[in-house]
Amino acid sequence: MNHAAHFRAYDRVVSLAAAKLPLADLFDEAQQVLRRALPRDSSCWHAMDPSTLIETRYSAERMPAPTAGIAEIAYLHDDYNSFSSLFKAPRHAGILSEATGGELRKSSRYVALLEPVGMTGELRTAFVVDGVPWGCVSFFRQGDFTPEERDFANVIAPLLGLSFRAAGVHARAAGPGADLWPGVLVFDGDRRVESHTPSTARWLEEFGFEGSVTADLLPYEVVSIVERVRLTGQEATARMLGESGQWIQVHAAPATAATAWDQRVAVVLQAAAVPSIAPLISAAYGLTPRERELTELVLQGNDTREIAGRLHLSPHTVQSHLKSIFAKVGVRSRRELVGRISAQGK
């Protein structure tokens, strides 16, 4: 084990957490920072919607483009070291060979995806901060990973979580305007796009897609939520940060009644409303649950007396919380706070 590489990488991950990079840059930098500390043949990274655990952005390193089948097998099935289980576990990193007791073929993910390409090692890590998941990564190699590498991945997991959390408050150029109609896609039972509205292509550009909506492989962010609906038969929604910094609400639901469920799925892509994004942005600034609650009341227009009454606090305590909120968000008044969160939710 290269202890020096781990020490150097740890320091760089700490710096990465403080850099507050946009998400696209964060994916690239994180891959570079861990190149020597966690050698691998390939990897795949995800940002998450913390409230739904749906993957909202994807970045691959020396891997084929993700398909609907990969989404179904790799991320949504109840398999060993599922990300949902790692989010809740005391240790947020796991090696597949350890989880299966050395019997890798117990894992459907291994049989379907890893074994055919000669990969025997998989290390998964969930990025959890204060009990909230913000992202995850899978590392793959032809040899196996060691317990020391697993422990190192677990140590840096919350630091990476801070980086992914901070990425939620950084925007670039303006995204699709409010006057752009929602994009609608309908997938048939064979996962093909059956129909779509004209504005759909513009929304898909927010995920780096420039191909044909009906002929080319769609972004993994859309494919994964479609597979979630196909597996559960229930509606699913996620807030996703587009490449321009635009927050997008992606909602998917069965396209037919439950009594005639034929695996058809409808997807709507539209600008996320500020109220739906405000809690996510507040969490991204590192506000405590109480501070997020208070921020939402400020956004609703409540004054100090009204907030104190609703939260059963003294006005002095409310002001103390507001002072802490202003410092974390980087504003000096309620008006600036509302403006900052509203602007990032658009």
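Remind me, relative contact order of the chain in percent, using alpha carbon pairs under 8 angstrom and six or more residues apart? Each step should come with its number before you reach the end.
Details: 587 pairs, mean separation 53.9, N = 346.
Computed value for the chain: 16 percent relative contact order.
Does segment 29-93 come out rounded, prolate or oblate, given a ≥ b ≥ c as the square roots of the eigenvalues of its C-alpha gyration tensor, rounded meaning a/c under 1.5 and, failing that, prolate meaning a/b above b/c? Show your work: numbers first, answer last.
On the way: a/c = 1.64, a/b = 1.23, b/c = 1.34.
Because a/c hits 1.5 or more and a/b fails to exceed b/c, segment 29-93 counts as oblate.
Could you please state how large a percent of the accessible area of segment 181-280 is carbon and sulfur, counting protein chains only and using a 1.4 Å probe? Each step should come with its number before you reach the end.
On the way: 2260 of 4260 Å².
Carbon with sulfur: 53 percent of the solvent-accessible area.
Shape of the chain from its Cα gyration tensor (a ≥ b ≥ c, root eigenvalues): rounded if a/c is under 1.5, otherwise prolate when a/b > b/c, or oblate? Before the final figure, lay out each step's value.
Working: a/c = 1.87, a/b = 1.19, b/c = 1.57.
Oblate.
Using a cut-off of 12 Å between beta-carbons, work out the net charge of the residues near T52 (Lys and Arg +1, Asp and Glu -1, T52 not included).
Working: positive: R228, R239; negative: D49, E55, E235.
So the surrounding residues net to -1.
Which shape class, rounded, prolate or oblate, goes with segment 236-346 when its Cα gyration tensor gives a ≥ b ≥ c as root eigenvalues, a/c under 1.5 marks rounded, and past that a/b bigger than b/c marks prolate? Could the numbers behind the result be given before it?
Details: a/c = 3.46, a/b = 2.09, b/c = 1.65.
It is prolate, given that a/c is not under 1.5 and a/b is the larger ratio.
Find, among the GluC sites (Glu not before Pro) in segment 102-162, those assigned to loop by DSSP (not H, G, I, E, B) with at most 14 other beta-carbon atoms within 10 angstrom. Present the calculation step by step, with values, prior to reporting the outcome.
Numbers: sites: E103, E122, E148, E149; in loops: E103.
Hits after loop and neighbour filter: E103.
Let me know the charge dipole size of the chain about its Cα centre in debye, to the nearest 20, where only the beta-carbon of Lys, Arg (+1) and Asp, Glu (-1) is charged.
Values: 36 positive and 39 negative charges, 237 e Å.
Dipole magnitude for the chain comes out near 1140 debye.
Please tell me the relative contact order of segment 49-199 in percent, rounded to the nearest whole number, where contacts are Cα pairs under 8 Å and at least six residues apart.
Value for segment 49-199: 18 percent.
Check T56: other-chain or 5+ apart residues with amide H under 5 Å from its amide H, H built from backbone geometry?
Hits under the 5 Å cutoff: A47, M48, D49.
The values are calculated or read from the model by the stated rules, or taken from the named source; none is laboratory data. Computed from a prediction, not measured in an experiment: that's the story for all the values here. Glycine gets a Cβ as well: all are built from the backbone with ideal geometry, and neighbour counts include every protein chain shown. Remember, those area values only see protein heavy atoms, side chains included, never the ligands or the DNA or RNA. Shrake-Rupley method; radii C 1.70, N 1.55, O 1.52, S 1.80 Å.
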